[in-house]
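Right, I'll just put the structure down here and ask away after.
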Ligand SMILES: Nc1ncnc2c1ncn2[C@@H]1O[C@H](COP(=O)(O)OP(=O)(O)OP(=O)(O)O)[C@@H](O)[C@H]1O
Ligand SMILES: [Mg+2]
C-alpha cells in the first residue's frame with residue numbers, strides 16, 4: 001500500500017499540492033483523476049521520488065519512499081511519465097532493455113532477454129523492435145515506453161496518461177492487460193486517466209484531485225457518483241449502467 005500523509009509541494013512561492021492524504025491499495029487498479037493542473041502528475045512524481053515534497057510523508061508498505069534508495073525503488077516501482085523524452089536514436093528493443101537495468105545493471109542475462117522479448121510481444125512491437133524511437137508514431141512510442149516499464153517487472157506500475165495517443169484497440173488492450181496484472185498477478189497499478197469510462201469501468205479505486213487537494217477517494221462503486229464527478233469537473237456527468245458496469249455520459 002502507498003500511504004500519503006499531509007503532503008505539500010510547491011514551486012517558488014506557489015503551492016501545487018496542499019496537505020494531501022491518500023491511500024493507494026496494493027493489488028488493485030487505481031485511477032488518479034481530476035482536471036488539468038489539479039496536481040496528478042506532481043503527485044505521481046513525488047511518489048516516484050522524481051520530485052521532493054516540502055512537507056509530509058509517502059510510505060510504500062510502511063517504509064518512507066525517500067529511504068528506499070534509487071535501485072531498490074526501481075525494483076519495486078516502474079513509472080511512465082506524461083511527457084516522454086529520450087534520445088531519439090535509441091532502438092525500441094534497447095529502450096525496453098533499459099527497463100531491466102535495476103535487475104541487470106546493464107549486463108543482460110537470459111532472464112532479462114526473455115523479459116524483453118515478452119514485453120515486445122505483449123505490446124505488439126515485434127515488427128518495430130529494431131526501429132529508432134524517432135521513426136515511430138506517437139502511439140507506437142507510447143507503447144514502447146509502457147513495454148519498458150512492464151519489462152521492469154515491478155510490484156507497482158505508475159502510468160501518467162498511458163492512454164494518450166492510443167487508438168481504441170490499443171487503449172482497450174492496455175487497460176485489459178493492466179486489469180489482469182492486478183487480478184492474476186497481484187500487481188498494483190496507478191493510472192492517471194482523463195477518460196472517465198476507463199476510470200470508473202476498469203479501475204477498482206479512485207483518487208480524485210482538484211486544485212492541489214483530494215476531492216474524494218475510495219472504491220469506485222462508492223465514490224464515482226454523478227454528483228462527485230460533476231463537482232470535480234464542473235461539468236454535468238450522468239452515470240448509467242452498461243453490462244453491469246458504470247458508464248459515464250458527459251457529451252450532452
Ligand atoms: N515545474 C513547474 N513549475 C511551476 N509550476 C508547475 C511546474 N510543474 C507543474 N506546475 C503547476 O502545478 C500544477 C499541477 O501540475 P500537474 O502537472 O501536476 O497537473 P496535472 O493534474 O497532471 O494536469 P494535466 O491533466 O494537465 O496533466 C499546475 O498548475 C502546473 O502549472
Ligand atoms: Mg499531468
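Using Cα atoms only, what is the angle between the long axis of helix 110-122 and the major principal axis of the chain, expressed in degrees (0 to 90) to the nearest 10?
50 degrees
Report, as a whole number in µm² per second, the diffusion coefficient that Stokes-Einstein gives for segment 184-230 at 25 °C and 0.890 mPa s using the Kirkwood radius over alpha carbon pairs.
214 µm²/s
How do 28, 89, 143 line up, fewest other C-beta atoms within 10 Å first?
In increasing order of surrounding Cβ atoms, one gets 89, 28, 143.
To the nearest 10 degrees, how steep is helix 168-185 against the longest Cα principal axis of the chain, on a 0 to 90 scale?
90 degrees
If every alpha-carbon in segment 83-226 counts as one equal scatterer, what log10 I(q)/I(0) does Debye give at q = 0.13, 0.15 1/Å?
-0.62, -0.80
Let me ask another. When 1/r is averaged over all different Cα pairs and the result inverted, which Kirkwood radius in Å belongs to the chain?
About 18.8 Å for the chain.
Using only the Cα atoms of segment 174-252, build the gyration tensor, take square roots of its eigenvalues as a ≥ b ≥ c, and label the shape rounded, prolate or oblate: rounded if a/c is under 1.5, else prolate if a/b is larger than b/c, else oblate.
In terms of gyration-tensor shape, oblate.
Something else now. Using the count of nearby Cβ atoms within 10 Å as a rough guide to exposure, how do 243, 160 rank from fewest to most?
Neighbour counts put them in this order, fewest first: 243, 160.
Let me ask another. Take the alpha carbon atoms of segment 3-60, find their center, do the same for segment 133-205, and report the distance between the two centers in whole angstrom.
Segment 3-60 and segment 133-205 have Cα centres separated by 20 Å.
Okay, next question. Angle check, please: helix 138-151 long axis (alpha carbons) against the longest principal axis of the chain (alpha carbons), in degrees 0 to 90, nearest 10.
It is inclined by approximately 80 degrees.
Pull out a ≥ b ≥ c, the square roots of the eigenvalues of the alpha-carbon gyration tensor of segment 35-111, then state rounded if a/c is under 1.5, prolate if not and a/b is larger than b/c, and oblate in the remaining case.
Verdict is oblate for segment 35-111.
Given springs between every Cα pair under 10 Å in a Gaussian network model of the chain, which of 74, 127, 149 has the largest fluctuation?
For the chain, modelled as a Gaussian network with Cα springs under 10 Å, the answer is 127.
If you rank 72, 40 by fewest surrounding Cβ atoms within 10 Å, what's the result?
Going from least to most buried by this count: 72, 40.
So for the chain: antiparallel DSSP bridges make up what percent, rounded to the nearest 5?
60 percent
Read-outs throughout are calculated quantities, based only on the coordinates presented, and are distinct from any laboratory measurement. These numbers come from a predicted model, not from an experiment. Neighbour counts are summed over all protein chains in view; Cβ atoms, including those assigned to glycine, are modelled from backbone coordinates with ideal geometry.
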